[in-house]
Amino acid sequence: MLHFLGESRSSLKSDHLLQTPDTFIRTPLPGATGVEFIVHAAPRLGAAFCWMTAEFKEGGILPPALPGIQRFVYVLEGELALAEAGEGQSESLSVGRFAFMPAGIARQLCARTASRAVVIEKRYEAMSGTSQDAAQSVIVGDEASIGAEPLGGDDALRVRRLMPDGPGWDFAVNTMTYDPGAALAMVEIHVMEHGLLMLEGGGIYRLGDNWYPVTAGDFIWMAPYCPQWFGALGKTPAKYLIYKDWYRHPLGA
Ligand code: UGY
Ligand code: MN
């Protein structure tokens, strides 16, 4: 197997990372019990947010995020319970369901079965000089029940927006579904950065001046201004979960 000769599709460049499952390394993190993490994107990479895969044993517990940090969770496998620490009442998160917790909310996640989930964390960036910092709320939803919008009028490329849009919200998480042969209509170059997990299918991702074959399970980080384009290949739709920072002035507070 080529892997054992030091080959991998993974690639790290100054403005992007393609990380394929053969290169994932698991690590424990303080406070979590029965959970291992693959830290895909973090400040050490150059990202202003953190994207992890959390792998729970049955009964594993992920405590609330650090102070000032917002958390978004999307379940890939199994079932998690979202609850206030010490409280009996909980919300069930099965595959395709997601939750957002504002900074300072004491909700923890406990695995009802062995589970895997995307965990995205970002320090909340307040809007300066306005009274618009509308109180955020806990959100629990199901990706499958969110209406799909065609991107730029293309019915073959559908976006589902999992987060509310407005001044109180400083990042977005969407899914994008491409029918076989569908592609982004342009090479995008923009100030926002992205984290992305291929959920289904595959295709070709252009990142900078590189064209990579990608498939379900691959993670991608794109730095601000990284040229990007995707075209779906194969006979089934390609789908990814994508994060971007959103709705904040580029000069900061
Ligand atoms: O929202 C986005 O910027 C999205 N269209 N980017 C991407 O799919 N690479
Ligand atoms: Mn983009």
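The values are calculated or read from the model by the stated rules, or taken from the named source; none is laboratory data. A quick note: this is a predicted structure, and the numbers were derived from the prediction, not measured. All Cβ positions, even for glycine, are placed from backbone atoms using ideal geometry, and neighbour counts span all protein chains on display. These area figures cover heavy atoms from the full protein model, side chains too; ligands, DNA and RNA do not enter into them. Shrake-Rupley method; radii C 1.70, N 1.55, O 1.52, S 1.80 Å.
Computed quantities for the displayed model
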item	result
Filter result for the condition that a residue is closer than 18 Å to H194 by Cβ and either under 20 Å from the mean Cα position of the chain (by Cα) or surrounded by 13 or more Cβ atoms within 10 Å (Cβ to Cβ) (or both), over A48, A32	A48
Boolean, W229 is in a strand (DSSP E or B), loosely packed, with under 15 Cβ neighbours inside 10 Å and either within 12 Å of ligand 2 (Cβ to nearest atom) or without any contact (Cβ under 8 Å) to a residue 60 or more places away in the chain (or both)	no
Failed item, numbered, when D155 is tested on (1) away from ligand 1 (no atom under 13 Å from the Cβ); (2) within 21 Å of V118 (Cα to Cα)	(2)
Residue list for segment 80-124, filter: within 18 Å of the chain's Cα centre (by Cα), in contact (Cβ under 8 Å) with a residue 24 or more places away in the chain and in a loop (DSSP other than H, G, I, E, B)	G96, P102, A103, Y124
Failed criterion for G168 (all others in (1) open to solvent by less than 10 Å² (accessible area, probe 1.4 Å); (2) within 12 Å of ligand 1 (Cβ to nearest atom) hold)	(2)
Residue, farthest from ligand 2 (Cβ to nearest atom), within segment 163-213, restricted to residues that are under 13 Å from H16 (Cβ atoms) and in a loop (DSSP other than H, G, I, E, B)	D209
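Yes or no, residue by residue, for (1) under 19 Å from the mean Cα position of the chain (by Cα); (2) over 23 Å from R97 (Cα atoms); (3) in the same structural domain as W221 (by TED's automatic domain parsing):
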position: A126; (1), (2), (3): no, yes, no
position: I139; (1), (2), (3): yes, no, no
position: R158; (1), (2), (3): yes, no, yes
position: L162; (1), (2), (3): yes, no, yes
position: D170; (1), (2), (3): yes, no, yes
position: N174; (1), (2), (3): yes, no, yes
position: Y178; (1), (2), (3): yes, no, yes
position: L196; (1), (2), (3): yes, no, yes
position: E200; (1), (2), (3): yes, no, yes
